[in-house]
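*Asks:* My questions will all concern the structure given below.
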Amino acid sequence: MEKVIWVIGSERKEMLEAQRRINSTGSMRALCLLSFSAVQRAVETQNAEGLSRISSPSLIIMDYQTAVEEDFLSISYLKKQQAFAGVPLFFMTEERNQELDEKCFARGAMVVLLKPFSKSGILRVERMAWQYEVTRNYEKVLQKQAGDLQAAREIIRLNQKLESRNKLLHQVFGRYFSDKVLELILEHPEGAVIGGEKKELTVMISDLRGFTSISEELEPESVIKLLNFYFGKMVEVITSYRGTVIEFMGDGVLAVFGAPLVSEEQTADAVAAAVTMQNRMGEVNAYCEEQGYPALEMGIGVHRGEAFIGNVGSEKVMRYNVVGKVVNECSRIESYSVGGQVLVSKEALNMISCPVEVHNRMAIMAKGVHKPVPVCEVIGIGGDYQCRIENVEFDVLKPVEEWIVFNLYRIEGKLVSEEPIMAVLTQFSRKRAVVVLLEREEEKTGNNEYREKQESGFYVEGQLEMYSDVEIFAARKDGRAIFNGVYAKVVECKENELILHFTHVNQSFQGFAEELLS
């Protein structure tokens with residue numbers, strides 16, 4: 001279902017650019033409102049005529065400069081509308097710093113974005129809008145965050161018949177915190193104020209692979225049921241290793257280790273939690289099989305650094321949040337992982353005193369960082385943890401004798417290239433494939449047809465490198481299609497040979513795998 005994003009600002013050129021970038025996703029539609037009076041008319045039209053003319057927003061983005069110039073009239077007016085309760089609010093600014101971020105959060109912003117919106121910014125908008133849509137009918141209390149102690153007091157007042165205040169807090173907030181975190185909050189009620197501190201933390205981000213495609217095939221109720229089961233298993237692991245869940249980002253989890261619970265082994269805790277989470281995916285997939293859902297895979301990134309952590313928001317609505325470069329870099333690390341992987345930055349690994357089992361080492365480019373970030377694929381941790389990813393499958397690749405062409409379409413952001421890179425499948429397993437790029441192989445043989453196609457621009461070299469994401473269309477030698485709509489990440493490059501790790505497959509792929517591997 002198309003999600004409507006209201007964008008409020010006075011600069012027409014900026015509004016048009018924001019509208020263009022939001023609409024380019026294909027899953028969202030931007031409605032630009034250039035003044036406070038336009039906001040009033042939009043709300044009045046919706047109240048009078050429902051959804052017939054102007055759709056209810058899944059998310060509101062407000063230009064901070066415009067908000068200051070109008071003395072935050074639009075924001076105050078929207079907050080008074082009952083129909084808009086719970087709609088996420090973002091601010092967009094020309095620049096960002098801690099002081100400006102705090103001002104935005106104090107006005108109720110959940111996220112602050114730089115304009116014009118980057119690809120990651122648009123992805124954040126899309127994820128938050130999607131999360132709001134699938135949960136909008138849930139009780140408001142489920143949207144509360146860890147720091148909302150003011151709401152806890154209100155719940156206590158409305159439930160005076162319960163035996164005690166602490167009993168009620170355990171019943172309500174036990175769903176959000178581990179017992180240790182809850183006891184810490186009860187012992188330090190001064191935590192119910194806006195503000196925080198700068199600390200060195202370990203950040204962990206996990207994300208399901210191919211879940212967006214899977215969710216489009218399921219009913220909304222089934223998607224929520226599946227996500228709740230998955231989140232339940234992951235949160236149980238995170239809290240058991242003294243971690244705190246900050247946010248559910250669509251089908252992903254943002255968690256921190258080192259606050260509010262202090263741990264001298266915060267990074268080791270995070271790595272052990274990540275390894276255990278990968279093992280818990282066995283339970284998640286057993287549930288998926290029982291329900292008739294496709295199997296799921298999860299990638300995880302772990303990083304360490306300084307960040308601002310604490311309560312942000314207003315006196316009435318607050319949330320416990322973490323802000324800093326380490327979060328953005330961790331998100332980048334996670335994006336390079338494939339299903340079943342735990343990628344940990346070398347910087348974080350250097351802070352672990354117990355043995356860590358590393359399968360692979362690599363270097364990635366993080367946005368805003370001028371040199372590669374060294375990361376390691378971790379499959380186990382020793383010491384007091386003694387856990388290892390179960391059934392680690394560095395699976396055996398089977399040689400393929402039949403001539404099968406993989407047409408590889410590179411994915412940049414959400415755009416899929418129109419020109420394929422052609423390759424021949426040489427080895428195959430359910431998780432990986434080895435392919436040889438046709439153009440490079442044919443160039444060695446001096447194939448005239450290849451030279452003509454190359455001169456005509458049909459083949460383009462250098463399009464794929466390590467960590468490129470591709471969509472695959474596979475066909476036999478006679479041109480008969482085998483499957484399409486399968487996605488993979490390039491995990492290794494050797495001259496004209498690529499190793500692909502499948503990140504999303506479908507029934508056609510499964511049938512091909514059964515035929516080839518039987």
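The values are calculated or read from the model by the stated rules, or taken from the named source; none is laboratory data. Values in this document were obtained by computation on a predicted structure and should not be read as measured data. Cβ placement follows ideal geometry from the backbone for every residue including glycine, while neighbour counts extend to all protein chains displayed. Heads up: the accessible areas ignore ligands, DNA and RNA and are worked out on the full protein's heavy atoms, side chains in. Shrake-Rupley method; radii C 1.70, N 1.55, O 1.52, S 1.80 Å.
*Asks:* In the range 430-450, is there at least one residue being in contact with a His (Cβ under 7 Å, 6 or more places away or on another chain), modelled with pLDDT under 85 and not aliphatic (A, V, I, L, M)?
*Replies:* yes
*Asks:* Which of the residues belonging to the range 230-257 are closer than 26 Å to residue 489 by Cβ and open to solvent by 30 Å² or more (accessible area, probe 1.4 Å)?
*Replies:* Residues satisfying the conditions are 233, 248.
*Asks:* Still on this structure, please answer the following. Scan 289, 306, 297 and give me the residue that is under 25 Å from residue 489 (Cβ atoms) and touching a strand residue (DSSP E or B) at 6+ places or on another chain (Cβ under 8 Å).
*Replies:* The conditions single out 297.
*Asks:* Moving to a separate point now. State the number of residues belonging to the range 339-349 that are closer than 15 Å to residue 329 by Cβ and either touching a Ser or Thr at 6+ places or on another chain (Cβ under 7 Å) or surrounded by fewer than 24 Cβ atoms within 10 Å (Cβ to Cβ) (or both).
*Replies:* Residues in the range 339-349 being closer than 15 Å to residue 329 by Cβ and either touching a Ser or Thr at 6+ places or on another chain (Cβ under 7 Å) or surrounded by fewer than 24 Cβ atoms within 10 Å (Cβ to Cβ) (or both): 5 in total.
*Asks:* Would you check which residues across the range 230-261 are among the small types (Gly, Ala, Ser) and within 14 Å of residue 274 (Cβ to Cβ) and list them?
*Replies:* Matches in the range 230-261: 240, 243, 252, 255.
*Asks:* Tell me which of these residue 250 doesn't satisfy, since it passes every other one: (1) small (Gly, Ala, Ser); (2) closer than 20 Å to residue 343 by Cα; (3) modelled with pLDDT under 90.
*Replies:* Among (1) small (Gly, Ala, Ser); (2) closer than 20 Å to residue 343 by Cα; (3) modelled with pLDDT under 90, the lone unmet condition for residue 250 is (2).
*Asks:* Take residues that are closer than 30 Å to residue 72 by Cα and tell me which of the strands (runs of 3 or more DSSP E) falling wholly in the range 215-328 contain 1 or more.
*Replies:* 243-249, 297-313, 318-323
*Asks:* Would you pick out the residues in the range 77-100 that are open to solvent by less than 70 Å² (accessible area, probe 1.4 Å), within 16 Å of residue 12 (Cα to Cα) and of a type outside the set (S, T, N, Q)?
*Replies:* 92 - this is the single residue of the range 77-100 that is open to solvent by less than 70 Å² (accessible area, probe 1.4 Å), within 16 Å of residue 12 (Cα to Cα) and of a type outside the set (S, T, N, Q).
*Asks:* Where in the range 1-117 are the strands (runs of 3 or more DSSP E), entirely inside, with at least 2 residues that are closer than 27 Å to residue 311 by Cα?
*Replies:* 3-8, 59-63, 89-93, 111-114
*Asks:* Quick one: in the range 463-484, of everything that is outside any loop (DSSP other than H, G, I, E, B) and free of Cβ contacts under 8 Å to residues at least 60 places away in the same chain, which residue is farthest from residue 333 (Cα to Cα)?
*Replies:* Ranking the candidates gives 481 first.
*Asks:* Consider residue 365 carefully, then state whether it is under 26 Å from residue 124 (Cα atoms) and surrounded by fewer than 21 Cβ atoms within 10 Å (Cβ to Cβ).
*Replies:* Yes.
*Asks:* Can you run down the residue pairs with Cβ atoms below 6 Å, 6 or more apart or on separate chains, where the first is in the range 60-76 and over 12 Å from residue 90 (Cβ atoms) and open to solvent by 10 Å² or more (accessible area, probe 1.4 Å) and the partner is hydrophobic (A, V, I, L, M, F, W, C) and in a helix (DSSP H, G or I)?
*Replies:* These pairs meet every condition: 70/36; 73/36.
*Asks:* In the range 475-491, is there at least one residue being modelled with pLDDT under 85 and open to solvent by less than 70 Å² (accessible area, probe 1.4 Å)?
*Replies:* yes
*Asks:* Give the number of residues within the range 401-420 that are touching a helix residue (DSSP H, G or I) at 6+ places or on another chain (Cβ under 8 Å), at pLDDT 90 or above and closer than 30 Å to residue 332 by Cβ.
*Replies:* Adding up the residues that qualify gives 0.
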